[in-house]
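Everything on this sheet refers to the single structure shown next.
Taken together, the values in this text are just the output of simple stated rules run on the coordinates, not laboratory data. All figures in this text were calculated on a predicted structure; none of them were measured in a lab. A quick note on method: Cβ atoms are made from the backbone with ideal geometry, for glycine too, and the neighbour counts reach across all protein chains shown.
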Amino acid sequence: MTDIHTTEKKIKEIIDSLKGLCSQNGLSNTANEEVVVTSVFLYKFLNDKFMYNLGKFAEEIGMTVQEVLQNENDELDAFYDANSTDVSFGYEDTIQYLINHVEQADFAKQFDSALERISKSVRNDAFSVETAGGEHKPLFEPLTVMVEPARRNSFAKAIFGIIGQDKFDFSDAFNGSFDFYSAIFEYLIKDYNVASGTYAEYFTPQAISSIIAKCLVGMSDKIDAAEICDWAAGSGSLILHLAHELGQEAGMNRAVVYTQDISAKSTRFLRLNMMLNGLSESLGNIIQGDSMLSPAHFNVEHEPDSGLKKFDYQTINPPFKLDFSSTRNDIEQKWQNTDRFFAGVPKIPNAKKESMAIYLLFIQHVMYSLKPKGKAAIVVPTGFLTAKSGIEMAIRTKMVEEKMLKGVISMPSNIFANTGTNVSVVFLDRANTEDNIILIDASKLGEKVKEGKNQRTVLRPDEVNRIIDTFIKREEVEDFSVLVPFDGLEEKNYSFSAGQYFEVKIEYVDITPEEFQRRMDDYMTKLSEQFQRGRELEESIMKQMGGLKYGE
């Protein structure tokens, strides 16, 4: 039996070895390195899972794995049908087959061809990623072509030297929990998840994702078959935590996942993350594209006139500032006859176009695409909570007037390693029946840790639990949380900042008349001494000024 910590250690060693191989072949710190490392890891994961399931099947029917794979028969078709949520391999595309050909002169070509065959297989169509324009991005692309021709064979051979040593054991430790796979995924992409000017290319910290998921689901009873969405999904931390929190029923996921993100890299990461976490059945709902200009999910597939699809739950950590001046007018014109952007579209500034507040579009879009009983959690810059005018004020006013606001949690500064912007999480519930909302100020929690050149704040496990429990139980805790009635929000100009509603307490201490007189005498004595020193200083200055003469 393999210990889960031993398995995790081996997996990290494989990842580190692949990164080292890329460095040796001139791919370090390039986009190709990320593609090679994540693709090879995914290839091994899918291969070992396929071979494990096939091994169990072959044993049941009294055949060897090779016999099942090498003979086209009804048994093989039955196996493929029974494992339709997993990627299918032909025998010549498996590690077990290819590793016996590493010494051949065209081994690099054989490996690349295997990746292409896996991607083009009709059985694996569901594992491609669709763009908003309908194009399909394959599961794999040729990898050895990313290095110089003279190095390709040795590069491919070295890859199989790394991935051919140990099999992932799906009967034991590698058949692990969501937390296990999340930690592996975060380690896999930790060198590649930095922001690069396009949206959602950073990784939402696990603690924040967990808080959001637990609070969101804790707001009401679970839905048996929930449709959940993230319109700026990034690598999927938020939406997959929510899917995990919703759980399974009779072995099937309660959540059907829908996403969209403009970044090709993030969408690739998301696909990998979903496959690791057993959500392959939702891969057809992953779309790469501009969510604000061309949202992809409609009530009837590929029929925009059917209206935007509405969702039971939405999570989103959108880009806060981004230059979308090239699409701004098209967005406004395309949706002007709907309430999608009821508060307006930010104007194009004369300077600093990169500071356009695109997150305000995402907030409005989430509100627009909620079902009548839908719920949402939106990460916003904390400044949104108190902005006194403009689109921000119009959005907050609607949240209050329609009583869809459920609560707000203000997070510590530097909770994300790559941005110093203070963030808060706004929770919405269109089925809200409460007369008040809960505001939590968690800004003083956490400990500072150094990550590379950046410093970030990390919430401790007990602090995470404190936030979740306080939110779900709707408890008031001095200088931490407060319940505010909706009309109380109106009185404070629709401010969502907890600090503005905390009670200011003045402590009074009873003292005796004798103690009062003694203290007053001390104050009077000290004041007299100060006044006397002031007069002496004044006389000294005047004397010195009077002694000054011209020319001296």
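If I histogram all Cα-Cα distances within the chain using bins 10 Å wide from 0, what percent of pairs lands in each bin?
Per 10 Å bin, starting at 0, the Cα pair percentages come out as 3, 15, 23, 21, 14, 9, 5, 4, 3, 2, 0, 0.
Please give the helix 178-189 orientation as an angle from the longest Cα principal axis of the chain, in degrees from 0 to 90, rounded to the nearest 10.
90 degrees
So, by mean Cβ neighbours within 10 angstrom, what's the order for 400-412, 523-535 with the highest one leading? Walk me through the intermediate numbers first.
Numbers: 400-412: 21.1, 523-535: 9.8.
Per-residue Cβ counts within 10 Å, averaged per peptide and sorted highest first, yield 400-412, 523-535.
Quick one: Cα centre-to-centre distance for region 46-97 and region 327-364, in angstrom?
51 Å
Please give the peptides 312-319, 180-187, 388-395 ranked by average Cβ packing (other Cβ atoms within 10 Å per residue), highest first, as a rough proxy for protection.
Listed from highest to lowest mean packing, they are 312-319, 180-187, 388-395.
Give me the base-10 log of I(q)/I(0) for region 4-176 at each q in 0.09, 0.12, 0.19 Å⁻¹, Debye formula, one uniform scatterer per Cα, rounded to two decimals.
-0.33, -0.59, -1.37
Using only alpha carbon positions, build the gyration tensor of region 321-398, then give the equivalent ellipsoid semi-axes as the square roots of 5 times its eigenvalues, largest first, whole angstrom.
21, 16, 11
Taking the Cα atoms of region 401-547, report the difference between the largest and smallest coordinate on each principal axis, in whole Å and largest first.
The Cα atoms of region 401-547 stretch 78, 50, 32 Å along their principal axes.
Report, to the nearest 10°, how far helix 461-473 tilts away from the longest principal axis of the Cα atoms in the chain, using its own Cα long axis and a range of 0 to 90°.
80 degrees
Show me the three semi-axes of the equivalent ellipsoid for region 274-411, from the C-alpha gyration tensor (sqrt of 5 times each eigenvalue), largest first, rounded to whole Å.
Equivalent ellipsoid semi-axes, largest first: 24, 20, 16 Å.
Can you pull the percent of Cα pairs in region 206-501 with separation above 28 Å? List each step's numbers first, then the result.
On the way: 15611 of 43660 pairs.
Distances greater than 28 Å cover 36 percent of the Cα pairs.
Determine the gain in length on full extension of the stretch Thr30-Glu529; use 0.36 nm per residue of separation and subtract their C-alpha separation, reporting nm with one decimal.
Additional length available on full extension: 172.4 nm.
If you filter region 69-132 for GluC sites (Glu not before Pro), then keep DSSP loop positions with at most 16 other Cβ within 10 Å, what is left? Show your work: numbers first, answer last.
Values: sites: Glu72, Glu75, Glu92, Glu103, Glu116, Glu130; in loops: Glu72, Glu103.
Answer in residue order: Glu72, Glu103.
What angle do you read, to the nearest 10 degrees and between 0 and 90, between the alpha-carbon axis of helix 107-120 and the longest principal axis of the chain?
Helix 107-120 sits at roughly 80 degrees to that axis.
Over 31 Å between Cα atoms, which of Lys190/Lys406; Lys375/Lys444; Lys321/Lys375; Lys310/Lys450 qualify?
Working: Lys190/Lys406 34 Å; Lys375/Lys444 27 Å; Lys321/Lys375 25 Å; Lys310/Lys450 41 Å.
Lys190/Lys406; Lys310/Lys450, as the Cα separations exceed 31 Å there.
Which of the lysines could be linked to Lys56 by a straight reach, that is with a Cα gap under 28 Å, when you skip same-chain ones fewer than 8 residues away?
Excluding near neighbours in sequence, the set is Lys9, Lys10, Lys12, Lys44, Lys120, Lys167.
If packing is taken as the average number of other Cβ atoms within 10 Å across a peptide's residues, how do 159-169, 268-278, 229-239 rank, most packed first?
229-239, 268-278, 159-169
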